[in-house]
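Novice: Quick one: this structure, given as structure tokens, is what I'll be asking you about.
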Amino acid sequence: MMMQLRLRSLLLAALLSSAAAPALHAADLNAATEEQSAQARQRADYIRSHYAKFEYRIPARDGKLLFTAVYVPNDAGAAQPYPILMMRTPYAVGPYGSANYKTQLGPTADYEKDGYIFVFQDVRGTHLSEGEFVNMRPHLEQKKSRADIDESSDTYDSIDWLLKHVPHNNGKVGQWGNSYPGFYTAAGAIDSHPALKAISPQAPIADWFRGDDMHRNGALNLQMAFGFFSNFGKPRPLPSASAEWKDYDFGTPDGYQFFLDLGPLSNVNGKHFKDGIPFWNEIVAHPDYDSFWQSRNILPHLKNIKAAVLTVGGWYDTEDLYGPLHIYQAIEKQNPGIQNSLVIGPWTHGGWYRSDGEKVGDAQFGYKTVQTYQPVEFAFFRHYLKGGDQARLAEAWMFETGANRWRGFEQWPPQASKEQTLYFHADGKLGFTPPTGDEAPYDEYLSDPAKPVPYTTEIATRWSKDYVAADQRFASRRPDVLSWQSEVLEHDVTLAGPLNAELFVSTTGSDADFVVKLIDVNPADMPAEPGQTNRGNQHTLVRGEPFRARYRDGFETPKAMQPGQVSAVKFAINDVFHTFQRGHRIMVQVQSSWFPFIDRNPQTFVPNIYQAKDSDFIQATQRVFHTPQQASALRVRLLPAADQ
């Protein structure tokens, strides 16, 4: 109860401070920047004066040495033991050298002041650790020899060594990490060491083909895959302390034009990578969900986890929202009885540390939402590693966008939510009643790969983090984007849980992509606060997901579409928790390109899109049907008014 009262107080304080704060002018911004710099210096100075740094090479069971940096509180002793808080990362644990210190050790400065033994490890095959690096290394259910290693065994061996060789630890270990380190956190808990008491996989990767980072439902996330692997994918034949990350030189700030000029993806090696990026070549060699990708799906292996789990994600994470949602579900299903909680806030990738959480793109939340979350995470680790007060945390603690408030549930999706269907109708209408047949049977548009629909209005070479909450009016007014919207809502409508698109479509080509977007339309006469942007009639993106229609019968088995033949295309879209307020409208859009976030579909079926030729790219007319027999729709989960 005390924890709940504390959270409510923090929330109220944040709301009051936000409401009372005047707009920042240039002088205020400069002062804020100077204050942040001063705080960063103070934090770095505190770490340098209160912690001793040591570097070790920890032997794994196959004899490979894993480079590990350890920061121990200066007052650690027999009378003052500390728990270990570990992060395993492929992004370097530098600065290297016992005299060179990190400027941040814990998720926030509170951890450093409270006292932990902080451990950072270069994962196998990266930087100063020995062995071969394997992206999303497959988990081995059975290990028959000392040579059979995976991220679970490397984590187990490292924990075992640390407990025996780092003095003054209290025998308890926690692990955390964001993004790729979030994957290593989840993987490290499989068949976990008995001393591993608490883990927090944050924006963790679960499956690089179906939903995280590099693909969305089989469609390549071109901008991310190209930008990420152009640097990260370079081979490292020998251990090296070099951790320099150089952004790829695109030669232009215009990402849309760069990737359009690239042409078919078969040009990537000839024009840019020169066969120097091994994992790019793996992507090209495995266009479908074959054993290569299936073995890198961590979800079936999340078993025998004994630690308490706090999985964290952001509704506006352009990289890894699939991961936290599905890792939470997999752990819940395969590890009955353990403490397993999910937190999803209104954040971009890692935004619970990298921002104040007050806004994303064109969505405003009214207060600094991270101030509510960070004490919860701190209490979680403190309880399980140091015996602090019980972290009173709902199993699913979720931020409700649109209404802009935190809600706690006993499970996710909420048990009270009920499946409903939003049907497409003629004349751009959307509603919960099915079509009757007394209307036009379909809507259509011409999809041209030479003029793909952009996914945002300002396309830099690096992928946008704000497109997920961007005003979609630029797309609504294109002839190759279809829109359906509801009548003005007479009461609030809250969607809580997964979305599922059910389209009945045809094409004059033999392959196609279909992008489905859920949008919140503001009232046209919405008033604006003095000095604030007028957001009347803004079309704010709530969720969007593409699907490559060749996978309509399974990601393992691509199948051509027959020109002119109606096909059912059904696919899952990541969950939402959003309230469409009364006076707003609900909109759904469908289009066939989302460029260059997603690569262009040539619209001619070829066995491997990454090897398509210029001549394969054709215009195609796409039809979306809405008849009683072929009722295109979006299935949602509706939270009843009594539970809103």
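The values are calculated or read from the model by the stated rules, or taken from the named source; none is laboratory data. Computed from a prediction, not measured in an experiment: that's the story for all the values here. Because the Cβ atoms are built from the backbone with ideal geometry, glycine has one as well, and the counts that use them run over all protein chains shown. Accessible surface is based on the protein model in full, side chains and every heavy atom, while ligands, DNA and RNA are left aside. Shrake-Rupley method; radii C 1.70, N 1.55, O 1.52, S 1.80 Å.
Novice: If you check 105, 163, 196, 140, which single one turns out to be modelled with pLDDT of 95 or more, open to solvent by 20 Å² or more (accessible area, probe 1.4 Å), closer than 18 Å to residue 68 by Cα and among the hydrophobic types (A, V, I, L, M, F, W, C)?
Specialist: 163
Novice: May I pose another question? Search segment 520-538 for residues that are surrounded by fewer than 10 Cβ atoms within 10 Å (Cβ to Cβ) and pair each with any residue that is at pLDDT below 85 when their beta-carbon atoms are under 6 Å apart and the residues are at least 6 apart or on different chains.
Specialist: The qualifying pairs are 531/23.
Novice: Quick one: is residue 338 part of a helix (DSSP H, G or I) and touching a residue at least 24 places away in the same chain (Cβ under 8 Å)?
Specialist: Taking the combined requirement at face value, the residue does not satisfy it.
Novice: Residue 424 - would you say it is at pLDDT 95 or above, open to solvent by less than 70 Å² (accessible area, probe 1.4 Å) and not basic (Lys, Arg)?
Specialist: yes
Novice: Can you name the number of the only condition in (1) in contact with a Pro (Cβ under 9 Å, 6 or more places away or on another chain); (2) of a type in the set (D, E, K, R); (3) surrounded by fewer than 19 Cβ atoms within 10 Å (Cβ to Cβ) that residue 172 fails?
Specialist: Answer for residue 172: the failing condition is (3).
Novice: Condition first: touching a helix residue (DSSP H, G or I) at 6+ places or on another chain (Cβ under 8 Å) and at pLDDT 95 or above. Can you find one or more residues in segment 520-528 that meet it?
Specialist: Going through segment 520-528, the residues touching a helix residue (DSSP H, G or I) at 6+ places or on another chain (Cβ under 8 Å) turn out to be none.
Checked against the condition, which is being touching a helix residue (DSSP H, G or I) at 6+ places or on another chain (Cβ under 8 Å) and at pLDDT 95 or above, segment 520-528 yields no hits at all.
Novice: Got a sec? Which strands (runs of 3 or more DSSP E) wholly within segment 553-644 have at least 3 residues that are under 27 Å from residue 320 (Cα atoms) and either in contact with a strand residue (DSSP E or B) (Cβ under 7 Å, 6 or more places away or on another chain) or of a type outside the set (Gly, Ala, Ser) (or both)?
Specialist: In segment 553-644, 567-580, 585-591, 633-639 are the strands (runs of 3 or more DSSP E) which contain 3 or more residues that are under 27 Å from residue 320 (Cα atoms) and either in contact with a strand residue (DSSP E or B) (Cβ under 7 Å, 6 or more places away or on another chain) or of a type outside the set (Gly, Ala, Ser) (or both).
Novice: Please give the number of the condition residue 92 fails out of (1) in a loop (DSSP other than H, G, I, E, B); (2) of a type outside the set (D, E, K, R); (3) open to solvent by 60 Å² or more (accessible area, probe 1.4 Å); (4) out of contact with any helix residue (DSSP H, G or I) (no Cβ under 6 Å at 6 or more places or on another chain).
Specialist: (3)
Novice: Moving on. Any chance you could count how many residues in segment 375-394 are at pLDDT 95 or above and open to solvent by 30 Å² or more (accessible area, probe 1.4 Å)?
Specialist: 5
Novice: Can you name the residue in segment 260-289 that is of a type in the set (S, T, N, Q) and open to solvent by 40 Å² or more (accessible area, probe 1.4 Å) and, of all such residues, is farthest from residue 600 (Cα to Cα)?
Specialist: Within segment 260-289, the first condition is being of a type in the set (S, T, N, Q), and the residues that meet it are 266-267, 269, 281.
This time we only want the ones that are open to solvent by 40 Å² or more (accessible area, probe 1.4 Å), so: 266-267, 281.
Values: 266: 12, 267: 13, 281: 18 Å.
Ranking the qualifying residues of segment 260-289, first place goes to 281.
Residue-by-condition table, conditions (1) under 26 Å from residue 241 (Cα atoms); (2) without any contact (Cβ under 8 Å) to a residue 40 or more places away in the chain; (3) assigned to a loop (DSSP other than H, G, I, E, B); (4) not acidic (Asp, Glu):
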residue	(1), (2), (3), (4)
128	yes, no, yes, yes
133	yes, no, yes, yes
149	yes, no, yes, yes
160	yes, yes, no, no
172	no, no, no, yes
176	yes, no, no, yes
191	no, no, yes, no
205	yes, no, yes, yes
211	no, no, yes, yes
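Novice: I'd like the residue in segment 503-519 that is more than 28 Å from the chain's Cα centre (by Cα) and β-branched (Val, Ile, Thr) and, out of all such residues, is most open to solvent (accessible area, probe 1.4 Å).
Specialist: Once the filter is applied, the top-ranked residue is 508.
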